[in-house]
Amino acid sequence: MVKTTIDVDDDLWRRFSLLVLRDRGERRKNEVILELLREYVERGGLSDTNQQQLEQIMRLEDEREAFLRMRERLLQDPNYAGKYVAVFKGKIVGCNEVKEELAETVYGRYGYVPIYIDKVAPKERVVEAPSPELVRP
């Protein structure tokens, strides 16, 4: 069993708690959260019946996390900075300026297994700016 912590808006948590208390009685929040998680996983097509797909996604996520841990070091290395790298089993297994060429090379070498490919670049800053509504006369 995994225990985790999530950040939830205070107002949302109070409303959730009140609904659970009203519908199920006290101390049933964990039960409701587990139901919501199961429903979400099943809707996403990753129920227990699709265990192989789930394992592939988890392995790919492990490779992504390895890349994120290495990114700052890779940014300092001129052999990798600005290029695409392939991460397999937590290690860099290829590098190329062209993503498609890198993918072809590493999948040719290792087969079609979870390999994470990403560009070695600083985190991109996402700025959202509301668009003004256009009013037609």
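Data for the structure
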quantity: Per-residue HN-Hα couplings for the range 74-86 [Karplus 6.51, -1.76, 1.60; θ = phi - 60°; Hz; x = Gly/Pro]; calculated: 5, 4, 7, 9, x, 6, 10, 4, x, 10, 8, 10, 10
quantity: Interatomic Cα distance distribution for the chain, bins of 10 angstrom, percent; calculated: 10, 23, 22, 24, 16, 6, 0
quantity: Extension gain, E42 back to E55 (0.36 nm per residue minus Cα-Cα distance, nm); calculated: 3.2 nm
quantity: Hz values of 3J(HN,Hα) by residue in the range 34-42 - Karplus curve (6.51, -1.76, 1.60), Gly and Pro given as x; calculated: 4, 4, 4, 4, 4, 4, 5, 5, 5
quantity: Karplus-derived 3J(HN,Hα), 6.51/-1.76/1.60, for each residue of the range 90-107, Hz, glycine and proline x; calculated: x, 10, 6, 10, x, 8, 6, 6, 10, 4, 5, 5, 4, 4, 4, 5, 6, 5
quantity: Amide proton proximity set for Y116, modelled H, under 5 Å, gap of 5+; calculated: V87
quantity: Most fluctuating residue given options E31, E97, E42, as computed from a GNM of the chain linking Cα atoms under 10 Å; calculated: E31
quantity: Tilt relative to the chain, helix 10-24 - C-alpha long axis, 0 to 90 degrees, to 10; calculated: 50
quantity: Length gained when the stretch A103-S17 is fully extended (0.36 nm per residue, less Cα-Cα span); calculated: 26.2 nm
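Throughout, read-outs are computed from the coordinates displayed, never taken from laboratory work. Remember, it's a predicted structure, so these values are computed and weren't measured experimentally.
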